[in-house]
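Enquirer: One structure follows; several queries about it will come next.
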Amino acid sequence: MTGRGSKSIPSLLWAGAFVTSLFLIVPFIGLSQRTPWSMFFQIISEDDVVQSITLSLVVATSATIICFLLGLPLGWVLARSQARGLKVIRAIVLLPMVLPPVAGGTALLFALGRKGFIGEKLDSWLGITLPFTTAGAIVAATFVSLPFFVLAIETAASQLDPQFEESSLSLGATPTRTFFTTSLPMVKSAIFAGIALSWARALGEFGATITFAGDNPERTRTLPLQLFVALETNPERAVVLGMLMVVISLSVLVALRGRWIGTQ
Amino acid sequence: MNTVQLLGSTNLEEKSFEFSLNTNSNKSISIIGPNGAGKSTLLRVIGGHQPLETGTLKVNGALVDSPNEKIFIPPHKRHVVLQHQNGGVFPHLSVQDNIAFPFRSRKCSKRKARLHISGILEEFNLQAIQTRFPHSLSGGQRARVALARSVASNPDFLLLDEPCASLDVEATVEIHQHLRRLKTTLFIATHNPVETMKLTNYIIAIEQGKIVQQGNLKELTSKPATPWISKFLDLNLVSGKATGYSVELNSGERLHLPRKHFGPVQVSFPSSAIAIHTEQPTGSPRNRWEATVSSLDTDGDLVRIGLNGSFFSRATITDTSFKELGIELGTHCWASIKATELMVLPSMDPDKK
Amino acid sequence: MSTFQNLRCFSRLNTPLAVFLFLSLSCGLSENSLHVMAASSLTEAFEEIAEEFKKETQFEISLTIAGSASLASQIEDGAKVDVVALADEETMRRLVGTRRIEQESLRIFATNYLVLATPLENPGSVENIRDLEGSVSAICAPQVPCGKLSFQLATRENVDLNPSSFEPSVRSVRTKIELGEVDAGLIYITDVNSRINFISIDQSEQLKTNYPIAAIQDGRIESTEFIEFVLSPAGQRILEKYGFGVPS
């Protein structure tokens, strides 16, 4: 099955790839079949669904902005510094990626919940509680998406040819100026890829949100939570919401077009 | 007076380097040596991208690097520009923004910067491509942009790491033209002996992380400290105007070329290619000229002979042949070389050497 | 190497894999095992019942615990199960409507009622159900039995339930209270433990909920035996131990 002039791929790998693709595509075919397309727009215009959509967009976008502000310095330092403690920091930063989201949410609860060791102080000194608020949902979403952004930046920063930054310094630009005028523009595509991945991940976050921020219809019931509720009370709506999230995520991925981690 | 005084050592990836140099007031210095010897490292030390572990570095009398005294002036504060091998031209900026970069780094407004660079754009023939981006330029064009940008920064020293390594012959010649015009003091790390001989008057030779010899061309060619140096500088270089199969040298002498060339050219040939005769030679070599022996240096089994004729050249013959010839200082003799041994390169304008 | 040769190699490698898969699947369908689904409020009670049942009959019980609504959805979608025990009759009625239940086996086996719960220190100074209105509280989501009962109770008491969070199960309400993340919540009397403080609600017992149990169509014949055990004095003793009420 090798085309003329294409690199020869063993037919065994073609077979494996085919099976895997089926495995991944079949659930979406199932979902698509069950989606009541004629009622699609009607269902997503229902008040509480619209509220969830808005909430999801707000939470995902806010979380992504925070990921950018927090993730950029961390990713950069991880890529460039030889300081000793960093290996540990790196492992911890990637933890939310492999940790079951509910576990992440639980950890957040113990740290930032009303009785959490930091949350307690937040509550008594500043009167701020995070659980059951949109801010809490944003924290949960940020927690799980941050590793994606950090990883994207770290990869790009470590692959950046040092000659450009050195030239910039040599020509008289201070390290700060070099960072903003030379380094950052050169990792632009990695930044965009990181933003897109974080946004998509934040949009789909469920376990940490429901555990830490709880299910509050006005303030924390994002699309995944709305779907969870709908599964038991309104299966038709659940299917539509599922399809809606597939459509949104698919658009993000198509827009990325394979530029996953900043390599072109 | 632009000087560099360096006496120190540094380590890079488990290789150690020890440098001891004083450039006095030479204006163009080449750094030669085999691959991995430490040419780039030396440039990086001077540029501030590689700190010293021990010792001191003084640029124009000012101490810029001294680990003992905890002094280290970072690269952006030194008036020294290090130009990397591929130029380091920023891919995300247009040609004019690349060249304006040093001005913008000094907080010049965009408008002012553009004014400053118009002269440089003209100087380096870049007006036609000033809005283009590096990925759409040829290697030679990019090299010009890199050089223009470095010059725009107006440094005391310009450190060039093999500036013509990846360029074709024409682009190389063009860059050499620009380099020769520059008034800035140049340090050029190079693996091209022609570049060394044409552009610089002071040479620093590095092997295995240490400076093994430094001096002017004459010193290094007559008394090379290592076999590598002697092999590297073993090149005779003359210029002239070619008209087909023959070239008229600046001295008036005519040489026959292996292929047709036209216009100003550079002719080079190794010292081993010259044959010495005590009488006017016959035979196939079409290039013959008269000369007097001006210097004799023994180097193991070989003898290096300086020949003063209508143009100066160096010949290397075996000790045995030398003894058989029976020549000595001041002896009048004939030199010959086959046309096929001549290497010919175009040059932009006749070089006045 | 031709494709055919490749596939042969592949299948040779796969024999041990196939055997492994077959064995692991079979283990899930072992001969002596009854699949029982139970609502989350029945967790500890049914675990003990399952143990006792095994001692008596040598039958393994494979217990699946989840919220009643979730269990019902799974059964509707065709889950292979033998017995189902839910926390409210409405959910069971829904299942009966799908004809997956053997109607003759349907019985009420226990009752339960709601109490008000607060963290041990009662930071919100909650004293009665009316105090729920202004406090940070967690209530079961309305689609689960505990939630339905909570809203019924609230309507009867004229209280406007506006919780900070709707939890997917009564246990997660309890957890939020235990952790002190909320000041109050409504949970079953059977879910009270030593880590929280509970306050009885006047006449809440009148609004008690009946727990139904039934066998699934085409399930194992041992299902009947299990249901009988649950209804037997032995089974009822265990349920009472955990705070459940006797069916009338």
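Enquirer: Would you compute, for the Cα atoms of the protein assembly as shown, the largest minus smallest coordinate along each principal axis and list the three values in descending order, in whole Å?
Expert: Extents along the principal axes: 136, 70, 52 Å.
Enquirer: Just need the relative contact order of the stretch B:197-353 here, percent rounded to a whole number, with Cα pairs under 8 Å and 6+ apart.
Expert: It rounds to 23 percent for the stretch B:197-353.
Enquirer: Let me know the shape class of the stretch B:69-189, please: from the alpha-carbon gyration tensor, a ≥ b ≥ c as square roots of the eigenvalues, rounded when a/c is under 1.5, otherwise prolate if a/b is greater than b/c, or oblate.
Expert: oblate
Enquirer: For the stretch C:110-232, rounded, prolate or oblate, judged on the Cα gyration tensor with a ≥ b ≥ c (square roots of eigenvalues), a/c < 1.5 rounded, else prolate if a/b > b/c?
Expert: prolate
Enquirer: Kirkwood Rh, the stretch A:104-182, all Cα pairs: how many Å?
Expert: 15.6 Å
Enquirer: Given A:Ala60, A:Pro224, A:Gly119, which one lies farthest toward the positive end of the charge dipole of the stretch A:44-256, if we put +1 on the Cβ of every Lys and Arg and -1 on the Cβ of every Asp and Glu?
Expert: Of the options given, the answer is A:Gly119.
Enquirer: Measuring from label point to label point, each 7 Å out along Cα→Cβ, what is the A:Ser8 to A:Val26 span in nm?
Expert: Placing both labels 7 Å beyond Cα along the Cβ direction yields 3.2 nm.
Enquirer: Let me ask you something else. For the stretch C:200-227 and the stretch A:1-60, what is the separation of their C-alpha centers, rounded to whole Å?
Expert: 41 Å
Enquirer: I'd like to know which of A:Phe206, A:Val246, A:Phe149 lies farthest towards the positive end of the charge dipole of the stretch A:104-251, counting +1 on Cβ of Lys and Arg and -1 on Cβ of Asp and Glu.
Expert: Going by the charge dipole, the pick is A:Phe206.
Enquirer: In square nanometres, what is one fourth of the surface area of the convex hull spanned by the alpha carbons of the stretch A:26-170?
Expert: Here the figure is 14.1 nm², rounded to one decimal.
Enquirer: For the stretch A:44-256, build the convex hull from the C-alpha positions and give me its volume per residue in Å³.
Expert: Residue-normalised Cα hull volume stands at 141 Å³.
Enquirer: Considering chain B as a Gaussian network with a 10 Å cut-off on Cα pairs, which listed residue, B:Glu122, B:Glu170, B:Glu324, attains the greatest mean-square fluctuation?
Expert: In this elastic network of chain B, the residue with the biggest mean-square fluctuation among B:Glu122, B:Glu170, B:Glu324 is B:Glu324.
Enquirer: Modelled label-to-label distance, A:Leu70 and A:Gln82, 7 Å Cα→beta-carbon offset: nm?
Expert: Spacing of the two 7 Å Cα→Cβ label points: 3.0 nm.
Enquirer: Which of B:Pro193, B:Pro285, B:Pro224 moves most in a GNM of chain B, Cα contacts under 10 Å?
Expert: Of B:Pro193, B:Pro285, B:Pro224, the Gaussian network model singles out B:Pro285 as fluctuating most.
Enquirer: Right, another one. Could you work out the Rg to Rh ratio of the stretch B:236-346, with Rh taken as the Kirkwood radius (inverse of the mean 1/r over all Cα pairs)?
Expert: 0.98
Enquirer: Something else now. Send over the per residue convex hull volume for the stretch B:54-138, Cα only, as a whole number of Å³.
Expert: Given the Cα convex hull of the stretch B:54-138, per-residue volume reads 138 Å³.
Enquirer: Charges at C-beta only: +1 for Lys and Arg, -1 for Asp and Glu. How large is the resulting dipole of the stretch B:236-346 about its Cα centre, in Debye rounded to 20?
Expert: 620 debye
Enquirer: If you don't mind, another one. Contact order normalised by length for the stretch B:4-232, with contacts defined as Cα pairs under 8 Å and 6 or more residues apart; what percent is it?
Expert: 28 percent
Enquirer: Where does the Debye-calculated log10 I(q)/I(0) of the stretch B:200-261 sit at q = 0.19 Å⁻¹, using only Cα point scatterers of equal weight, no solvent?
Expert: Each listed q maps to, in turn, -0.73.
Enquirer: Separate question: Shape verdict for the stretch B:180-289, please, from the Cα gyration tensor: rounded (a/c under 1.5), prolate (a/b greater than b/c) or oblate.
Expert: Judged from the Cα gyration tensor, the stretch B:180-289 comes out oblate (a/c at least 1.5, b/c at or above a/b).
Enquirer: Here is a follow-up. What percent does the relative contact order of chain C come to when contacts are Cα pairs within less than 8 Å and at least six residues apart?
Expert: Answer for chain C is 27 percent.
Enquirer: A further question follows. Net charge around C:Gln74, counting only other residues with Cβ within less than 14 Å of its Cβ (Lys, Arg = +1; Asp, Glu = -1)?
Expert: So the environment of C:Gln74 carries a net charge of -1.
Enquirer: So, one more: Going by Cα centres, the stretch B:192-232 and the stretch B:102-116 are how many Å apart?
Expert: So the two Cα centres are separated by 40 Å.
Enquirer: Given H placed 1.01 Å from N in the peptide plane, which residues other than close sequence neighbours of B:Gln213 have an amide H under 5 Å from its amide H?
Expert: B:Ala205
Enquirer: Separate question: Mind pulling the angle between the C-alpha long axis of helix C:222-231 and the longest principal axis of chain C? Nearest 10 degrees, somewhere in 0 to 90.
Expert: 20 degrees
Enquirer: Only four residue types carry charge here, +1 at the Cβ of Lys and Arg and -1 at the Cβ of Asp and Glu. Report the dipole size of the protein assembly as shown about the Cα centre in Debye, rounded to the nearest 20.
Expert: So the dipole magnitude of the protein assembly as shown works out to roughly 4500 debye.
Enquirer: Just from its helices, what would the mean residue ellipticity at 222 nm be for chain C, if runs of 4 or more DSSP H residues each count -39500 (n - 2.57) and the sum is divided by every residue, rounded to the nearest 500 deg cm²/dmol?
Expert: After summing the helix terms and dividing by residue count, I get -12500 deg cm²/dmol.
Enquirer: Out of B:Leu186, B:Leu126, B:Leu52, any idea which swings most in a Gaussian network model of chain B, alpha carbons joined below 10 Å?
Expert: Checking each option, the largest mean-square fluctuation is seen for B:Leu126.
Enquirer: Also, I was wondering about something else. Please report, ordered by residue number, every helix of chain A (full DSSP H runs) that is 20 Å or longer along its axis going by C-alpha atoms and whose mean Kyte-Doolittle hydropathy reaches -0.5.
Expert: In chain A, the long hydrophobic H runs are A:11-34, A:47-80, A:134-159, A:188-203, A:235-256.
Enquirer: Considering the options B:Ile73, B:Asn86, B:Ala113, tell which one lies farthest towards the positive end of the dipole of chain B, charges being +1 on Lys and Arg and -1 on Asp and Glu at the Cβ, about the Cα centre.
Expert: Highest projection toward the positive end goes to B:Ala113.
Enquirer: Now for a separate question. By what distance, in whole Å, do the Cα atoms of chain B stretch along each of the three principal axes, largest value first?
Expert: 71, 50, 33
Enquirer: Right, another one. Counting only DSSP beta bridges with both residues in chain B, what percent are antiparallel, rounded to the nearest 5?
Expert: 80 percent
Enquirer: Taking every residue in B:46-52, how many Cβ atoms of other protein chains lie within 10 Å of its Cβ, on average?
Expert: For peptide B:46-52, the averaged partner shielding equals 2.
Enquirer: So, one more: Between the alpha-carbon centers of the stretch C:144-161 and the stretch A:68-88, tell me the distance in whole angstrom.
Expert: Cα centres, the stretch C:144-161 to the stretch A:68-88: 51 Å.
Enquirer: To one decimal place, what Kirkwood hydrodynamic radius in Å is obtained for chain C from all pairs of distinct Cα atoms?
Expert: Every distinct Cα pair counted, the radius reaches 19.9 Å.
Enquirer: Rounded to the nearest 20 debye, what is the charge dipole size of chain C about its Cα centre when +1 sits on each Lys and Arg Cβ and -1 on each Asp and Glu Cβ?
Expert: In debye, rounded to 20, chain C gives about 860.
Enquirer: Work out the FRET efficiency for A:Val19 and A:Gln51 from their Cβ-Cβ distance, taking R0 = 45 Å, and round it to the nearest 0.05.
Expert: So, using R0 = 45 Å, E works out to roughly 0.65.
Just so you know, all these numbers are worked out from the coordinates, no wet-lab data involved. All figures in this text were calculated on a predicted structure; none of them were measured in a lab. All Cβ positions, glycine included, derive from the backbone under ideal geometry; neighbour counts span all protein chains shown.
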